[in-house]
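The structure under discussion appears below in the form of structure tokens.
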Amino acid sequence: MAKKAQKRQPGGTPATVALAAAGTPYTLHSYEHDPASPSYGEEAAEALGVSPERVFKTLVADVDGTLTVAVVPVAGRLDLKALATAVGGKRATMADPAAAERTTGYVRGGISPLGQRKRLPTVLDASASAHETICVSAGRRGLEVELAPDSLRTLTSATLAPITRA
């Protein structure tokens with residue numbers, strides 16, 4: 001039996017469709033993406049006038065052969081060893097970008113932790129809980145969604161753990 005196609009709002013992404021379907025409150029922010037920007041996350045923080053500690057990037061890693069999503073603030077770097085520990089693994093490496101894009105259904109720089117093609121184990125950095133709201137990619141470069149960290153954790157079934165290093 002074929003899956004029923006989800007209706008999209010104009011300009012919607014699988015991430016915003018997932019948020020709307022769950023009835024989760026969120027705010028959508030868009031900005032003009034500069035293709036020459038060396039850091040998608042820092043570009044988003046600057047364009048939106050939001051502290052880099054509140055803008056989180058979505059990274060895909062390979063933990064013992066399992067693709068795993070790490071959601072960390074753009075102000076820090078992913079601690080691969082801490083990520084592996086958080087999901088009960090031994091070793092983590094960054095995933096092949098093509099595999100990350102193929103598995104999530106998003107392009108690099110626009111990977112959202114929400115509405116992914118295949119639901120992956122997800123770890124949200126513990127620093128997120130210090131903020132009332134955080135921003136993550138809405139599934140496209142130049143588009144961010146602002147929501148409560150607990151909402152993100154619930155929707156992605158994420159583990160909350162300290163996985164960022166300065």
Filter segment 54-104 down to the residues that are crowded, with 17+ Cβ neighbours inside 10 Å and assigned to a loop (DSSP other than H, G, I, E, B) and list them by number.
54, 74, 75, 76, 79, 87, 89, 95
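Sort out which residues of segment 142-166 are of a type in the set (A, V, I, L, M) and more than 13 Å from the chain's Cα centre (by Cα), and write them in order of number.
Passing the criteria: 148, 160, 161, 163, 166.
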Return the only residue of 68, 85 being β-branched (Val, Ile, Thr) and over 14 Å from the mean Cα position of the chain (by Cα).
85
If you check residue 161 against the conditions, is it more than 20 Å from residue 27 (Cβ to Cβ), of a type in the set (Gly, Ala, Ser) and in contact with a strand residue (DSSP E or B) (Cβ under 8 Å, 6 or more places away or on another chain)?
yes
Restricting segment 126-163 to residues that are out of contact with any helix residue (DSSP H, G or I) (no Cβ under 6 Å at 6 or more places or on another chain), within 17 Å of residue 76 (Cβ to Cβ) and among the hydroxyl-bearing types (Ser, Thr, Tyr), the residue that is surrounded by the most Cβ atoms within 10 Å (Cβ to Cβ)
137
Contact list please: Cβ distance under 7 Å, first residue in segment 11-35 and in contact (Cβ under 8 Å) with a residue 40 or more places away in the chain, second residue buried (at least 19 other Cβ atoms within 10 Å of the Cβ) and of a type in the set (Phe, Trp, Tyr), pairs at least six apart or on different chains.
19/26
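Take the residues of segment 35-47 that are closer than 24 Å to residue 147 by Cα and either part of a loop (DSSP other than H, G, I, E, B) or over 16 Å from the mean Cα position of the chain (by Cα) (or both): which is modelled with the lowest pLDDT?
Out of the qualifying residues, it is 39.
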Sole exception among (1) at pLDDT 95 or above; (2) farther than 20 Å from residue 17 by Cα; (3) β-branched (Val, Ile, Thr) for residue 50, by number:
(1)
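The values are calculated or read from the model by the stated rules, or taken from the named source; none is laboratory data. Predicted model, so just to flag it, every value in this text is computed and none were measured. In this analysis, Cβ positions are derived from the backbone assuming ideal geometry, glycine residues included, and neighbour counts consider all displayed protein chains.
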